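Please read the structure below before turning to the comments.
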Amino acid sequence: MSLFLAKRLFTFVLTLVGASLLIFLALEVLPGDPALVILGVDAPESAVAALRLELGLEKPLPQQYWDWVGGLMVGRFGTSYSYSVSVLDLISARLAVTIPLAVFAMILSVAFAFALGILAAVQHNKGTDVAVMGISQLGISIPNFWLALILIMLFAVDLHWFSAGGFPGWAGFWPGFKALVLPAIALATVQGAILARFTRSAILDTIREDYVRTARAKGLTRTQALLRHVLRNAMIPLITIMGLQFANLLAGTIIVENVFSLPGIGRLLLQAITQRDLVIVRDLALLLAAMVIVVNFLVDVLYSVIDPRLTARDI
Amino acid sequence: MSTVRRSKIRSAFSHRSFLVGAVLVVAMFGIAGISLYWTPFDPTKLNIPERLAGPSSLHWLGTDQFGRDILSILMVGTQNSILVGVVAVAIGILFGVSLGLTAAAVKGWTEELIMRASDLLFAFPAILLAILLIAATGPGAINATIAIGIFSIPVFARLTRGAAKVIWVREFILAARAAGKGRFRITVGHILPNILSVIVVQATVQFALAILAEAALSYLGIGSQPPTPSWGRMLSDAQSYILLNPWLAVYPGAAIALAVLSLNLLGDGLRDIIDPRFVRER
């Protein structure tokens, strides 16, 4: 187990380093001068030269990379060019919106997917199964930003149940929670539709196993066998999918936060791009990638806890 | 025509989701083709007196905030979505399939390097990678298409390597090697034709994802730029007029969903036809 964890930890660190290198190279080495990107092509040469100096662009590339990554490791984030404050300050305020939104959406997605997936598997090849598969096919095809607009039209404009956008903060739990309901539904629908299909497949695969037949022969009802044996085993592949989905949910927040004007990380990233604030873009991109890598690492670890055979095979 | 091929064509025509998907995809390409030569109105012509008009016999889907005919913009927007999809998938196939074939044929460190690089790209959610590349290179349809293409490279590389490795251990490959054929000739002459169907199925899925990604990037204002008609930007523009004319937001979203749905149905159908075990088991 410890060797398995050590190997996974090594891959985790390696992926983090690779992701940081990729982001650094994408923003520093691709054609174009970052100082020019920030100031615009019409900027006076002296201003560009001053910014190059300020951003440390005159230093050799390995030195620039180390300055950036070394700074992040000790919690020293860059200073935003457009906001003139530390990126850390900008991020920490916005994480209070993005993380609850992603977690809320994940809970909705899993609840929706498990309910539909189990229903479809139990009613395999019947009308309910066909209907659920049809709904999930539709769910997969709908862009989340369109669904978000439809939800705004229905529940904010027509019914006045929720606000069309904005975030009142967490001073009171209910107003903050209410502001995240529609964005979370918009985010969860697509991921839930995908997960419902995987849930159905995983249950169908497990339901035919000999040990399930044995459990039924021992006198367990269909529901008991489903809850005690099928679901537990079907969870193994589903956890991997859920890990990947959390990454997609985080990425989805970039779009959905913009539809609902939520002051989260995704909106900050897009604002930074339009304001050409590459310092924020670089730190935020790494933060988002790191969150994805951490979740995938945790899924790997969880996977080994649920299925000890994996650890044994791996070693 | 071989019996196997004839039976596959027969099963294709009796496969409901394949048929629906294929008809819709053909219709989508047809609309894009027609819009190259004809649209009900000039999609760029402003007509302020008729702005935000509802559906009528003249403007079937109404007009937008500048009085432009929505049906005409939607039709021309199909060209944009197809173009982005085709180019992005072509980038993915060209680089991804080549890398996957190389990894399977050469093995050793080359394979390890290609696969770890793919894993690294997978660590980035696709839309984040696209946004990052656009942040570095600037907004625009070309940069968005390249970014979307890049994130499909690891998908094709992984898929191709996996499928190719299965073929590499088959007996007819051993026979080809015994006959003196080199790795390159075997890859081009035997491996690629045998995994082509898997690549085609994945291409339909990636095509759908590319349309979604382009629409998302254009919605965010960093994809296709005006005056190029784009479904994603139509949605973004519609958001400002949601109280005055909610239908403005319905049409482009429905077009995106229909395009993605048709490609997904086509892909599902193709997968079932190519690998009938999938249908029986699922």
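Details
- Single residue of A:95, A:61, A:90 found to be in contact with a helix residue (DSSP H, G or I) (Cβ under 8 Å, 6 or more places away or on another chain) and closer than 21 Å to residue A:144 by Cβ: A:95
- Top-ranked residue of segment A:269-283 - restricted to ones that are assigned to a loop (DSSP other than H, G, I, E, B) and more than 9 Å from chain B (Cβ to nearest Cβ), ranked as least open to solvent (accessible area, probe 1.4 Å): A:277
- In segment B:235-251, the residue that is modelled with the highest pLDDT out of those that are more than 8 Å from every other protein chain (Cβ to nearest Cβ) and over 14 Å from residue B:220 (Cβ atoms) is B:251.
- Taken together, B:188, B:169 contain a single residue that is modelled with pLDDT under 90, open to solvent by 50 Å² or more (accessible area, probe 1.4 Å), more than 10 Å from chain A (Cβ to nearest Cβ) and over 29 Å from residue A:279 (Cβ atoms), which is B:169.
The rows are residues; the columns are (1) touching an Asp or Glu at 6+ places or on another chain (Cβ under 9 Å); (2) closer than 26 Å to residue A:276 by Cβ; (3) at pLDDT below 85; (4) not assigned by TED's automatic domain parsing to the domain that holds residue A:168.
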residue: A:58; (1), (2), (3), (4): no, yes, yes, yes
residue: A:89; (1), (2), (3), (4): no, yes, no, yes
residue: A:108; (1), (2), (3), (4): no, no, no, no
residue: A:117; (1), (2), (3), (4): no, no, no, no
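- In the condition set (1) surrounded by fewer than 22 Cβ atoms within 10 Å (Cβ to Cβ); (2) in a helix (DSSP H, G or I); (3) touching a helix residue (DSSP H, G or I) at 6+ places or on another chain (Cβ under 8 Å), residue A:168 is compliant with all but (2).
- Residues that are surrounded by 17 or more Cβ atoms within 10 Å (Cβ to Cβ) and more than 21 Å from residue B:41 (Cβ to Cβ) within segment B:222-241 comprise B:222, B:223, B:232, B:236, B:239, listed in sequence order.
- Long-range neighbours under 6 Å by Cβ, at least six apart or interchain, first residue more than 7 Å from chain A (Cβ to nearest Cβ) within segment B:117-131, second of a type in the set (D, E, K, R) and open to solvent by 10 Å² or more (accessible area, probe 1.4 Å): B:118/B:158
- Of all residues in segment A:241-268 being within 7 Å of chain B (Cβ to nearest Cβ) and modelled with pLDDT under 90, the one that is farthest from residue A:64 (Cα to Cα): A:248
- Extreme residue, nearest to the chain's Cα centre (by Cα), among residues of segment A:25-47 that are modelled with pLDDT of 80 or more and away from chain B (no Cβ under 11 Å): A:47
- Residue B:203 being within 15 Å of the chain's Cα centre (by Cα) and either more than 10 Å from chain A (Cβ to nearest Cβ) or without any contact (Cβ under 8 Å) to a residue 60 or more places away in the chain (or both): yes
- Here residue B:109 passes the criteria (1) open to solvent by 50 Å² or more (accessible area, probe 1.4 Å); (2) closer than 25 Å to residue A:16 by Cβ; (3) touching a helix residue (DSSP H, G or I) at 6+ places or on another chain (Cβ under 9 Å) except the one numbered (3).
- For segment A:123-163, the set of residues classified as under 12 Å from residue A:193 (Cα atoms), surrounded by 14 or more Cβ atoms within 10 Å (Cβ to Cβ) and either small (Gly, Ala, Ser) or not assigned by TED's automatic domain parsing to the domain that holds residue A:185 (or both) consists of A:136, A:139, A:141, listed by residue number.
- Yes/no for residue A:17 being open to solvent by 60 Å² or more (accessible area, probe 1.4 Å), in the same structural domain as residue A:182 (by TED's automatic domain parsing) and modelled with pLDDT of 90 or more: no
- Each residue in segment A:200-256 was checked for being farther than 30 Å from residue A:148 by Cα and assigned to a helix (DSSP H, G or I), and 27 of them qualify.
The values are calculated or read from the model by the stated rules, or taken from the named source; none is laboratory data. If you're wondering where the values come from, they're calculated on a predicted model, not measured in any experiment. Note that we place each Cβ from the backbone using ideal geometry, even for glycine, and neighbour counts take in every protein chain shown. When the accessible area is computed, the model is the full protein with side chains, heavy atoms only, and any ligands, DNA or RNA have been set aside. Shrake-Rupley method; radii C 1.70, N 1.55, O 1.52, S 1.80 Å.
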